[in-house]
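Below is one structure, written out as structure tokens; the observations come after it.
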Amino acid sequence: MLENRDLGGELRRFGRLLLSEARPKGKLLTPFNVISIPVILLGLGILVVRFTKGLGAVTNLSQEFPWGFWIGFDVVTGVAFAGGAYAITFAVYVMKLEKYHPIVRPTVLSGLLAYVFYAGALVLDLGRPWHIINPIIGNSFGYNSVLFLVSWHFMLYMLAELVEFSPVIAEWAGWKKLRRILGALTLGTVIFGVTLSSLHQSGLGALFLMAKSKIHPLWYSEFIPIFFLVSSIFAGLSMIIVEGTISHRVFKDQIDPAKHHTFEDIILGLGKGAAISLFVYYFFKLLTFVHDRQWTLLTDGWGAWYLVEILGFVLFPCVLFAYGVRNRSVGTVRVAAVMALVGIILNRLNTSVIAYNWTAAVRYYPSWQEIVVTLMVVFTEIWVFRWIVLRMPVLREAHELPAQRARAGAPIPSTTV
Amino acid sequence: MDRRGFLKLAGAAGAAAATGPARADSPPEPDSPEFWGVLVDTTRCIGCRACERSCSLTHDLPVPDIENDDLLEHERPTSDHQWMVVNRYETSRGEVFVKRQCMHCWQPACTAACLTNAMHKTRKGPVIWHPDKCMGCRFCMVSCPFEIPKFEYNSWNPKIQKCNMCWERLGEGKKPACVESCPTDALMFGRKRDLMEIARIRIYNHPDKYVHNIYGEHEVGGTGWLYLSAVPFEELGFRTDLGTTPYPEFTRDFLYGVPLVLFGLPALLLGLSLLAEKESEP
């Protein structure tokens, strides 16, 4: 199967590769490591308390606010950030827009990791996580639950993204035949993945449909699922712009210098997509606002807060994106992307936490432990992202891989960190 | 179990087998003779809180000090260690006491929210919770319009705590503990359609004593617990803005759309992909 070698020998070789690659390489004392390692260790300590003393020991959750920062930010916002993977795979494999091919791999990788880590962080929030298997094994299928659908689509989508990313792993391991087989699965997997994504991105919004009596009317709408779906597109595209910009600086030596110019072109293209989806989103919001005649709600503090979100972090970045694309100003597009991301954080936190139970006497705000654990999740994801990017052909071309070098008998050079 | 009970159970099992499992899980009709509930006549309640005590004793919860009236100074919600509370309200017609607990909706939001069927609407009406299925996601708490399910935040093995209409006592042919302990007949246990009739008769006989409205008749599609009052329900801390739509209806359109998208969208995407291929050819 694998290059006509015997399977045992091949697996032994892969094991050696994994071992040689597993060790950290290069400097350990980088600024990122100095900040992230203590946070991760502290986060682990907090989790020990959380799993022995209960959620109340480390979070500010209450009977009025059953869902807090871990759901509102890690899951509801984090999953929107991961929307780039389905947007880009749709553009490249369905619409055949070859221009975006160079960013497929890093985007799919960050999408996959976002799901594993952010959706995975859901487990930390479950009161009885050992029963997480129940909706999967079939002794208790809650077909009527939106959460049941969301959990199944999450799970299947992670699988689809793993298949989408698997050619990279096969190249890294030097499995040419397997690489071809996995490559042939791509279009089918992408179509499956885009379908699942559109369902669970909107499904995340549908979770709040039954909270009708609790969410402030400016944020509640029967169209929440559509809002969540459309906003996940610009959230995902903006995330690629920001994440890609950072990756291009940090992993400069991974990228062919000739490709740097293409990347700016890609950012402008993504900015165009973001401008359009932001405008569609703004238009939908406006339409429901006018249709529900919510003018009188704008007079108090909640109304002002709503305007900050809609005008400051939807309409303004939309205009900024359009301006940046028109004037080919990559810098402007990057600023717009950051603003759109802030807007998404505002919108998701407003819907799930801030404007939720807005009449409650005591407000919820996250405890420092909740924030540390969230940072821990984000930092751990970056560690894994860095580990993979430095070893597998994510940003660089597939030639000159450690597996092939090792096969040729050359020593494996140490990469930085 | 006596012979009669056995025959009843066998008959019910046979009927369930004949109609299939889907029937067994569907909620009972609001007027079905199986749909049990409790009528609370707030004009009869004297605020003795004997019900609070009997509820706690029945469910192994900390027993509240019902002699201490200071607790009535503030409106109390139910909690993870108290499934029901009696609150005092100063109204336009004087002091009124109102008992609060799970409303046991006809079509509950919590059971529609639950992805593991841990929250379950029984054929008899009570909404009960299965500890061995629950993941502790608290979506039931997010969805419940009455904010009834409560969570044990300070336990490594937390439970959802809420009134189960004394499900275990009903199985033994007894009434809910609160109803049994009520000294003034403010609480009446029975089939919903019988309770509705009694409530209407009371309003008819004493049109000046009651508001002509039964809370729970239509709210969120109808609830198992019904309330009579002398003053508008707003004055008693009831939410009157919840509407008459059963809460699961809010997600029904979305759920119906899912299979359409699941099968329709891939075909559309494949078509788009083929179209894009043709166009890119020279």
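Given chain B, report the % of alpha carbon pairs whose separation exceeds 26 Å. Result for the distance tail: 50 percent.
Scanning chain A for GluC sites (Glu not before Pro) lying in DSSP loops with no more than 16 further Cβ atoms inside 10 Å, the longest uninterrupted stretch between such sites is A:4-221. Taking all protein chains together, B:His120, B:His59 sort by accessible area into B:His120, B:His59, largest first [probe 1.4 Å]. Evaluating 6.51 cos²θ - 1.76 cosθ + 1.60 at θ = phi - 60° for every residue in region B:86-95, the Karplus couplings come out as 10, 10, 10, 10, 8, 10, 5, 10, x, 6 Hz, glycine and proline recorded as x.
Semi-axes of the equivalent ellipsoid of the protein assembly as shown are 53, 28, 25 Å, computed as sqrt(5λ) over the eigenvalues of the C-alpha gyration tensor in descending order. Taking Cα atoms only, the orientation of helix B:192-205 departs from the longest principal axis of chain B by about 50 degrees. When +1 charges are put on Lys and Arg Cβ atoms and -1 charges on Asp and Glu Cβ atoms, the dipole computed for region A:9-129 relative to its Cα centre reaches about 580 debye.
Computed from the alpha carbon positions, the gyration tensor of region A:214-320 leads to an equivalent ellipsoid with semi-axes of 36, 13, 12 Å, biggest first.
Among the trypsin sites (Lys or Arg not before Pro) found in region A:1-99, those both in a DSSP coil and sparsely packed, with 12 or fewer other Cβ atoms within 10 Å of their Cβ, are A:Arg5, A:Lys27. Heavy-atom accessible surface of region A:311-388, averaged per residue, reaches 43 Å², computed with a 1.4 Å probe. Per residue, chain B reaches -10500 deg cm²/dmol at 222 nm when only DSSP H runs of four or more residues are counted, each adding -39500 (n - 2.57).
Relative to the Cα centre, the charge distribution of chain A, modelled as +1 at Lys and Arg Cβ and -1 at Asp and Glu Cβ, gives a dipole magnitude of about 900 debye. Largest mean-square fluctuation among A:Leu375, A:Leu29, A:Leu341, in a Gaussian network model of chain A whose springs join Cα atoms under 10 Å apart, belongs to A:Leu29. Dividing the summed -39500 (n - 2.57) terms of all DSSP H runs of n ≥ 4 by the residue count of chain A sets its mean residue ellipticity at 222 nm at -20000 deg cm²/dmol. A simple rule links phi to the HN-Hα coupling: the Karplus curve 6.51 cos²θ - 1.76 cosθ + 1.60 with θ = phi - 60°, which for region A:343-353 gives x, 5, 4, 4, 4, 5, 6, 4, 5, 8, 10 Hz, with x for Gly and Pro.
Using Cα atoms only, what is the angle between the long axis of helix A:104-114 and the major principal axis of chain A, expressed in degrees (0 to 90) to the nearest 10? Taking the Cα atoms of chain A, the angle to A:104-114 is about 60 degrees. Accessible surface for A:Val123 stands near 50 Å², nearest 10, in the context of the full protein assembly shown (1.4 Å probe).
Farthest toward the positive end of the dipole of the protein assembly as shown, out of A:Val48, A:Ser247, A:His131, is the Cα of A:Ser247, where the dipole comes from beta carbon charges about the Cα centre.
Measuring with a 1.4 angstrom probe and ignoring ligands and nucleic acids, A:Val319 comes out at about 80 Å² accessible. Average accessible surface for region A:99-157: 35 Å² per residue, computed with a 1.4 Å probe over protein heavy atoms with every protein chain in place.
Of interest is the spacing of the C-alpha centroids, which for region A:1-73 and region A:118-164 amounts to 19 Å.
For region A:115-267, evaluate the Debye formula with one uniform point scatterer on each Cα (no solvent term) and list log10 I(q)/I(0) at q = 0.11, 0.14, 0.16, 0.21 Å⁻¹, rounded to two decimals. Evaluating at q = 0.11, 0.14, 0.16, 0.21 Å⁻¹ gives log10 I(q)/I(0) of -0.64, -0.97, -1.16, -1.40. Counting only Cβ charges, +1 for Lys and Arg and -1 for Asp and Glu, the dipole size of region B:94-247 around its Cα centre is about 520 debye. By the Cβ-Cβ criterion of under 4.7 Å, the unpaired cysteines of chain B are B:Cys45, B:Cys48, B:Cys55, B:Cys105, B:Cys114, B:Cys134, B:Cys137, B:Cys144, B:Cys166, B:Cys182.
Ranking B:Ile214, B:Ser229, A:Ala275 by how far each Cα lies toward the positive end of the dipole of the protein assembly as shown (charges on Cβ) leaves A:Ala275 at the top. Just need log10 I(q)/I(0) for region B:139-282 at q = 0.19, 0.20 Å⁻¹, Debye formula, equal scatterers on the alpha-carbon atoms, no solvent, rounded to two decimals. Debye output, listed in q order: -1.30, -1.35.
The values are calculated or read from the model by the stated rules, or taken from the named source; none is laboratory data. What you are looking at is a predicted structure, and each value in this text was computed from that prediction instead of being measured. Here Cβ is always computed from backbone atoms with ideal geometry, including for glycine, and neighbour counts include all displayed protein chains. Accessible surface areas use protein heavy atoms only, side chains included; no ligands, DNA or RNA. Shrake-Rupley method; radii C 1.70, N 1.55, O 1.52, S 1.80 Å.
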